[in-house]
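What follows is a set of notes on a single structure, which appears directly below.
The values are calculated or read from the model by the stated rules, or taken from the named source; none is laboratory data. Remember, it's a predicted structure, so these values are computed and weren't measured experimentally. Reconstructed Cβ throughout: ideal geometry from the backbone, glycine too, with neighbour counts over all protein chains shown.
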2 protein chains.
Amino acid sequence: MKKEVIVVKIGGNVLEDPEKSQAFLETFAQLPNPKVLVHGGGKTASALSERMGIPPKMVNGRRITDADTLEVVTMVYAGLANKKVVAQLQALGCNALGLSGADGNSIQAVKRPKGQIDYGFAGDIKEVNCCGIGSLIAGGFVPVFCALTHDGKGQLLNTNADTIASEVAISLGEGYSVKLYYCFEKNGVLNDIEDDDSVIRDINPKKYEKLVMQGKIAAGMIPKMDNSFHALAHGVSEVAIGHVRSLQNPAQPYTKLSLHS
Amino acid sequence: MKKEVIVVKIGGNVLEDPEKSQAFLETFAQLPNPKVLVHGGGKTASALSERMGIPPKMVNGRRITDADTLEVVTMVYAGLANKKVVAQLQALGCNALGLSGADGNSIQAVKRPKGQIDYGFAGDIKEVNCCGIGSLIAGGFVPVFCALTHDGKGQLLNTNADTIASEVAISLGEGYSVKLYYCFEKNGVLNDIEDDDSVIRDINPKKYEKLVMQGKIAAGMIPKMDNSFHALAHGVSEVAIGHVRSLQNPAQPYTKLSLHS
């Protein structure tokens, strides 16, 4: 039987609130090894952008990453956000090691081709280096990924953290039984966005389609769901979406995704 | 016989000039493994500080690191500077992996006690985790350290890059024969600061004392020299100060430090 590994993506609303972040990190630190954390940092990046006189540009919830913005996200994601998380996890006895996709060549991407929208220095993942990440895990390190990749030619690229989480999970599937957990402030995918108790416990692609048709899946949730089904279709054993609490307590409701009904 | 490792500290004036930086990184990438790189990023940090309306405060050439300044140096050192270097080295076929002292708990420090001057979040190194760094090296990674450490209690600390280089070199001395190389724009320690050909080829502590008395050692060079002799006294096999060129070509003059005449 393959050894288990858990890949946790933590949402910005949790990480960028000192109290919620501390509670999450305490929970994450207590999870058994091996484990991997993936985080963003969008709100902090937008705040720094504003402060530096570079107005953040977003299209369909995605950041337009011009050269100045790439510097901002590199500073915030790989610098401020990543190192704070790593230092806090170390204080909690978790041997965190922060990574961008350039470090150890762990995630290579290609610059997104200009279509109707030019996203600038945005990267679509080409290859995850499962050997490199695997050797860090085997060495007792807990990889903490920020939302940056590189193109292998010296260029850093801004890459969606949800996608990094699913692609890293898929690549680890070769050697491990992988659980992917999208962790955020809500209890899961909700039937009624206003009612945190209305968690939909199980979603398969058919039900997902129906929920989208009914307008019950928020726009921001769609890429997360697509990444989830993609991961399940490519060897990830289990994908869940839920609150930090459900990482600790399996009795806490959360949304479990599956390919079959 | 112990395996050799080279620890290279690269000065800010080289790293912060795109052309010189590229030339240096090409040279570094060609050095045989295992190897370690240590860099600063002070000029970029000061520029960002100014842009954010946080005037940099320096006393005796050292930065006063208040809470805002710590955020700036974390963004610049661990984010912008470190990830650019890592991405460029990866493009050159060097399997670089960027680290702050918090990553993998590689360097613990204590916050410098308030004396006559309060340096703020400045860290004096307490312990280098040679096992952790050693396991990265053994895994084929090339550690690239920025000038940040942590206190093990969740606090990042700003730490002099020259000192990080010497302490990492000392810690690796347990398992390796270590060469420490302070690499900058000059050809070495100069007899006449205006004449780049006046390299002093060998310096021992007695000669160093004499040169200081004669006013021939620039103020900025003194901590580098002190770190160098400290490293030699604690198991580092060889310490050199010189131009990037001398890393490639041993016929190029440089300053070699030794404990004995």
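Scan the range B:69-85 and tell me whether some residue there is more than 11 Å from chain A (Cβ to nearest Cβ), assigned to a helix (DSSP H, G or I) and exposed (fewer than 15 other Cβ atoms within 10 Å of the Cβ).
No, every residue in the range B:69-85 fails to be more than 11 Å from chain A (Cβ to nearest Cβ), assigned to a helix (DSSP H, G or I) and exposed (fewer than 15 other Cβ atoms within 10 Å of the Cβ).
Which one is surrounded by the fewest Cβ atoms within 10 Å (Cβ to Cβ) among residues in the range B:178-190 that are part of a strand (DSSP E or B) and within 16 Å of the chain's Cα centre (by Cα)?
Here is the first cut: in the range B:178-190, the ones part of a strand (DSSP E or B) are B:178-184, B:190.
If we keep only those that are within 16 Å of the chain's Cα centre (by Cα) as well, we get B:178-184.
Values: B:Val178: 24, B:Lys179: 17, B:Leu180: 29, B:Tyr181: 23, B:Tyr182: 28, B:Cys183: 26, B:Phe184: 20.
Top of the filtered list is B:Lys179.
Within the range A:155-172, is even one residue surrounded by fewer than 20 Cβ atoms within 10 Å (Cβ to Cβ) and within 14 Å of another protein chain (Cβ to nearest Cβ)?
Among the residues of the range A:155-172, at least one is surrounded by fewer than 20 Cβ atoms within 10 Å (Cβ to Cβ) and within 14 Å of another protein chain (Cβ to nearest Cβ), which makes the answer yes.
Those residues that are out of contact with any His (no Cβ under 8 Å at 6 or more places or on another chain), of a type in the set (S, T, N, Q) and outside any helix (DSSP H, G or I), I need them from the range A:215-261; list them, please.
Across the range A:215-261, the qualifying residues are A:Ser237, A:Asn249, A:Thr255, A:Ser258, A:Ser261.
Could you run through the range A:191-209 and say how many residues are in a strand (DSSP E or B), surrounded by 18 or more Cβ atoms within 10 Å (Cβ to Cβ) and more than 20 Å from the chain's Cα centre (by Cα)? Before you say what the answer is, go through the steps one by one.
Within the range A:191-209, the first condition is being in a strand (DSSP E or B), and the residues that meet it are A:199, A:202-203.
Checking the rest, the ones that are also surrounded by 18 or more Cβ atoms within 10 Å (Cβ to Cβ) come to A:199, A:203.
Then keep just the ones that are more than 20 Å from the chain's Cα centre (by Cα); that gives A:199.
Result for the range A:191-209: 1.
Please go through the range A:151-177 and give me each residue that is free of Cβ contacts under 8 Å to residues at least 60 places away in the same chain and under 24 Å from B:Ala138 (Cα atoms), ordered by number.
Within the range A:151-177, A:Gly152, A:Ser171 meet the criteria.
Starting from residues that are of a type in the set (Val, Ile, Thr) and outside any loop (DSSP other than H, G, I, E, B), keep the ones in the range A:42-68 and report whichever is modelled with the highest pLDDT.
My answer is A:Thr65.
In the range A:133-150, is there at least one residue being of a type in the set (Phe, Trp, Tyr) and farther than 23 Å from A:Thr65 by Cβ?
Within the range A:133-150, the first condition is being of a type in the set (Phe, Trp, Tyr), and the residues that meet it are A:141, A:145.
From what's left, farther than 23 Å from A:Thr65 by Cβ: A:141.
Yes, that holds for at least one residue.
When the residues of the range A:86-117 are filtered to those that are under 19 Å from the mean Cα position of the chain (by Cα) and β-branched (Val, Ile, Thr), which remaining residue is nearest to the other protein chains (Cβ to nearest Cβ)?
A:Val86
Out of all the residues in the range A:151-164, is one or more farther than 21 Å from B:Leu80 by Cβ, in a strand (DSSP E or B), touching a strand residue (DSSP E or B) at 6+ places or on another chain (Cβ under 9 Å) and among the acidic types (Asp, Glu)?
So far as the range A:151-164 goes, no, none of its residues is farther than 21 Å from B:Leu80 by Cβ, in a strand (DSSP E or B), touching a strand residue (DSSP E or B) at 6+ places or on another chain (Cβ under 9 Å) and among the acidic types (Asp, Glu).
Based on this model, can you work out whether A:Ser166 counts as within 25 Å of A:Lys3 (Cβ to Cβ) and of a type in the set (Ser, Thr, Tyr)?
Yes; evaluated as a whole, the condition is true for this residue.
Could you check, for the range B:129-139, whether at least one of its residues is within 17 Å of the chain's Cα centre (by Cα) and either surrounded by 20 or more Cβ atoms within 10 Å (Cβ to Cβ) or facing chain A (nearest Cβ under 7 Å) (or both)?
Yes, the range B:129-139 has at least one match.
State whether the residues of the range A:207-220 include one that is within 17 Å of A:Val7 (Cα to Cα) and not small (Gly, Ala, Ser).
Taking every residue of the range A:207-220 in turn, none turns out to be within 17 Å of A:Val7 (Cα to Cα) and not small (Gly, Ala, Ser).
Given the criteria surrounded by fewer than 24 Cβ atoms within 10 Å (Cβ to Cβ) and at the interface with chain B (Cβ under 9 Å from one of its Cβ atoms), does A:Leu31 qualify?
It is false that A:Leu31 is surrounded by fewer than 24 Cβ atoms within 10 Å (Cβ to Cβ) and at the interface with chain B (Cβ under 9 Å from one of its Cβ atoms).
Of all residues in the range B:212-224, count the ones that are touching a residue at least 60 places away in the same chain (Cβ under 8 Å) and surrounded by fewer than 13 Cβ atoms within 10 Å (Cβ to Cβ).
Counting residues in the range B:212-224 that are touching a residue at least 60 places away in the same chain (Cβ under 8 Å) and surrounded by fewer than 13 Cβ atoms within 10 Å (Cβ to Cβ) gives 2.
Given the criteria β-branched (Val, Ile, Thr), outside any loop (DSSP other than H, G, I, E, B) and within 15 Å of the chain's Cα centre (by Cα), does A:Val212 qualify?
In short, no.
What pairs come up if the first residue lies in the range A:45-68 and is more than 17 Å from B:Thr74 (Cα to Cα), the second is in a helix (DSSP H, G or I) and of a type in the set (Val, Ile, Thr), and their beta carbons are under 8 Å apart, counting only those six or more places apart or on different chains?
Pairs that qualify, where the first residue is more than 17 Å from B:Thr74 (Cα to Cα) and the partner is in a helix (DSSP H, G or I) and of a type in the set (Val, Ile, Thr), are A:Ile54/A:Thr69; A:Ile54/A:Val72; A:Pro56/A:Thr69; A:Lys57/A:Thr69; A:Arg63/A:Thr69; A:Arg63/A:Val73; A:Thr65/A:Val73.
Does A:Thr65 meet the test of being of a type in the set (Ser, Thr, Tyr) and either more than 29 Å from B:Gln155 (Cβ to Cβ) or surrounded by fewer than 20 Cβ atoms within 10 Å (Cβ to Cβ) (or both)?
yes
Could you please let me know if B:Glu4 is surrounded by fewer than 24 Cβ atoms within 10 Å (Cβ to Cβ), at negative phi and over 15 Å from the mean Cα position of the chain (by Cα)?
yes
Since B:Phe121 meets every condition but one in (1) crowded, with 19+ Cβ neighbours inside 10 Å; (2) under 17 Å from the mean Cα position of the chain (by Cα), which condition does it not meet?
(2)
Only residues in the range A:190-211 that are of a type in the set (S, T, N, Q) count as the first member; pair them with residues that are part of a helix (DSSP H, G or I), Cβ under 9 angstrom, at least 6 apart or cross-chain, and list the lot.
Going by the 9 Å Cβ cut-off, the qualifying pairs are A:Asn191/A:Leu211; A:Asn204/A:Phe229.
Filter the range B:51-64 down to the residues that are among the β-branched types (Val, Ile, Thr) and away from chain A (no Cβ under 14 Å) and list them by number.
Keep residues of the range B:51-64 that are among the β-branched types (Val, Ile, Thr), which gives B:54, B:59, B:64.
Hits for the range B:51-64 are B:Val59, B:Ile64.
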